[in-house]
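Here is the structure we will look at.
Computed from the coordinates by the stated procedures, all read-outs in this text should not be read as laboratory data. Please read all numbers here as calculations on a predicted model, not as lab measurements. Because the Cβ atoms are built from the backbone with ideal geometry, glycine has one as well, and the counts that use them run over all protein chains shown.
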Amino acid sequence: MSLRLYALDGCPYCEDVSEALDEAGAAYETEWVDALHSDRDEVKRVSGQRGVPVLIDEERGVTMSESANILEYVERSLA
């Protein structure tokens, strides 16, 4: 699967991104992260920061954070 979403359960920004991906019909895998920022080493490794959501599009070589940026990317590139 070329799309991976790093998300936190109950995060409204993560839910917005997930809904946009679903509406675009994009197949993606969700990686659920720990609520503690200090325990998000995997997110830091892939994106350089510990915040979520983070979207990885391996097919296009894109890694991005910030839900507004991700939502724009989904609309522009995946819809």
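Points worth noting:
- Annotation for the chain: trypsin sites (Lys or Arg not before Pro) lying in DSSP loop with at most 16 further Cβ atoms inside 10 Å of their Cβ are R60.
- Low-density loop positions, GluC sites (Glu not before Pro), the stretch 1-72 - DSSP coil, at most 11 other Cβ in 10 Å: E58, E59
- Residue-averaged [θ]222 nm for the chain, counting only DSSP H segments that reach four residues, each worth -39500 (n - 2.57): -9000 deg cm²/dmol
- Normalised contact order of the stretch 3-78, rounded percent, pairs of Cα under 8 Å and 6 or more residues apart: 37 percent
- Simple Cβ-charge dipole of the chain, Lys/Arg +1 and Asp/Glu -1, about Cα centre, in debye nearest 20: 340 debye
- Stretching the chain fully between S18 and D39 yields a gain of 5.4 nm (0.36 nm per residue, less the alpha carbon separation).
- Degrees, to the nearest 10: 12-23 long Cα axis against longest axis of the chain: 30 degrees
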